[in-house]
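Read-outs throughout are calculated quantities, based only on the coordinates presented, and are distinct from any laboratory measurement. Predicted model, so just to flag it, every value in this text is computed and none were measured. A quick note on method: Cβ atoms are made from the backbone with ideal geometry, for glycine too, and the neighbour counts reach across all protein chains shown.
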Amino acid sequence: MDLLPNDDEMALTDVVRRYLSDRAPVTAAPPAPPTPEMWKEWGELGWFGLAAPPEFGGGGQGIAQETLVFRELGRVLLGGPLVATVVAAQVALAAGDQQLAASIIAGERQVAFAHSGPSGITLIDGACASHCLEIGDHAAVLRSVDVAGLVERPCADLSVTLHVGSPGPTVCEVALDHYDARSHALVLVSAALVGMAEATLEQSSSYAKVREQYGKPIGAYQAVSHRCADMATRADLAAMQTSLAGLSLDARTPDAAMQAVTAYLAALDAGVANAADNIQNHGGIGFTIEHPAYRYATRASVLSRLVVTKRAALDLLLPPV
């Protein structure tokens with residue numbers, strides 16, 4: 001497999017990056033959640049159905065191409081239930097609900113991730129969601145959402161909303177051995193984490209060139225330069241493994257699920273560690289809310305629990321005896 005993007009894929013990346021640089025620059029203040037109008041525009045751009053068949057409004061591409069888009073979305077910390085919406089469209093298609101899938105792909109509906117608990121379900125970025133997606137050990141379940149019955153809860157990432165409510169009626173359900181929604185979601189989360197790891201690396205290396213101490217740029221000191229080198233290594237490793245996982249899912253190789261989990265673990269390490277090192281490299285300003293460095297740390301914390309935890313991912317690789 002060729003893990004490097006071809007010319008068409010590089011063009012796709014450039015288009016998404018230019019759009020986001022104009023519409024969603026990273027700021028220290030968390031942005032407001034995306035409006036329904038913005039969501040519809042993203043649907044028209046094809047973000048929610050890049051791997052779906054063209055007859056349902058999709059792009060007819062693959063998960064490998066989706067990872068390129070999600071790397072750019074992660075790089076700018078774009079808000080909203082992006083991963084859940086993309087995966088939910090495929091769940092609806094696999095279940096035979098073509099009308100629902102087409103409306104999700106078009107950006108007419110938002111789908112949030114749901115996690116069941118003693119007090120009901122917790123929705124992540126579900127303030128404007130019409131449906132929620134819960135991925136279990138054996139199946140992915142798509143349910144409707146009663147927005148009026150949701151109670152908001154605080155979140156460490158101020159650009160992410162959390163709500164607790166009662167589970168709605170099931171709309172469709174697909175076994176993971178029919179469509180591996182968990183692996184698909186893990187690869188997209190991995191791609192977002194890779195974009196974050198790359199963005200924090202760029203922030204640190206740029207700052208290390210201009211910030212001076214004792215008459216020299218701080219990048220001249222090993223304490224900073226070695227951290228930046230480690231950040232680059234982690235980001236590159238995670239990027240290559242995520243590309244491999246996306247290609248493996250598209251090719252339906254026997255080890256595709258394992259590659260997806262491995263990508264998630266590598267990308268989670270890169271996203272979390274690079275965010276922490278970026279804060280350290282920026283010194284005092286990095287520890288304040290006046291700099292966007294902290295937002296990468298809080299977003300990495302949310303993504304570490306979006307689909308499965310690190311502990312659960314390790315158990316998928318090596319189930320406990």
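Here are some notes:
- Tilt relative to the chain, helix 82-95 - C-alpha long axis, 0 to 90 degrees, to 10: 30 degrees
- Cα gyration tensor category, rounded, prolate or oblate, for region 149-288 with a/c compared to 1.5: oblate
- When you count the other C-beta atoms within 10 angstrom of each residue and take the mean per peptide, 196-203, 98-105, 25-32 line up highest first as 196-203, 98-105, 25-32.
- Cα gyration tensor shape of region 1-104, rounded if a/c is under 1.5, else prolate or oblate by comparing a/b with b/c: oblate
- Between His138 and Thr27, the simple spin-label model (points 7 angstrom out along Cα→Cβ) gives 4.9 nm.
- Considering only Ile124, Ile218, Ile279, the mean-square fluctuation computed in a Gaussian network model of the chain, springs between alpha carbons under 10 angstrom, is largest for Ile218.
- Taking Tyr214, Tyr264, Tyr19 in turn, the Gaussian network model of the chain (Cα-Cα springs below 10 Å) assigns the largest fluctuation to Tyr214.
- Chain lengthening between Glu55 and Leu3 when straightened (0.36 nm per residue, less Cα-Cα): 15.9 nm
- Added length on full extension, which subtracts the Cα-Cα distance from 0.36 nm per residue, Asp315 to Phe287: 6.7 nm
- Taking a sphere under 10 Å around the Cβ of Val302 and counting the other residues whose Cβ falls inside, with K and R at +1 and D and E at -1, yields a net charge of 0.
- Straight-distance crosslink candidates among aspartates and glutamates, where the alpha carbon sits under 19 Å from Lys209 and sequence neighbours closer than 8 are dropped: Glu198, Asp230, Asp277
- Radius 10 Å from Cβ of Ala140, net charge of other residues (Lys, Arg +1; Asp, Glu -1): -2
- Sequence of His184, His138, His282, His291 once ranked by neighbouring C-beta atoms within 10 Å, starting from the fewest: His138, His291, His282, His184
- For the chain, calculated [θ]222 nm from helices alone, where every DSSP H run of n ≥ 4 adds -39500 (n - 2.57): -17500 deg cm²/dmol
- Candidates Asp230, Asp269, Asp255, ranked by Gaussian network fluctuation over the chain, Cα under 10 Å, top entry: Asp255
- For the chain: relative contact order, % (alpha-carbon pairs under 8 angstrom, 6 or more apart): 18 percent
- Chain lengthening between Glu173 and Arg252 when straightened (0.36 nm per residue, less Cα-Cα): 26.3 nm
- Within region 58-72: backbone nitrogen closer than 17 Å to the Gln98 label point (7 Å, Cα to C-beta): 58-60
- q = 0.14, 0.30 Å⁻¹, region 260-300: log10 I(q)/I(0) [Debye, one scatterer per Cα]: -0.32, -0.93
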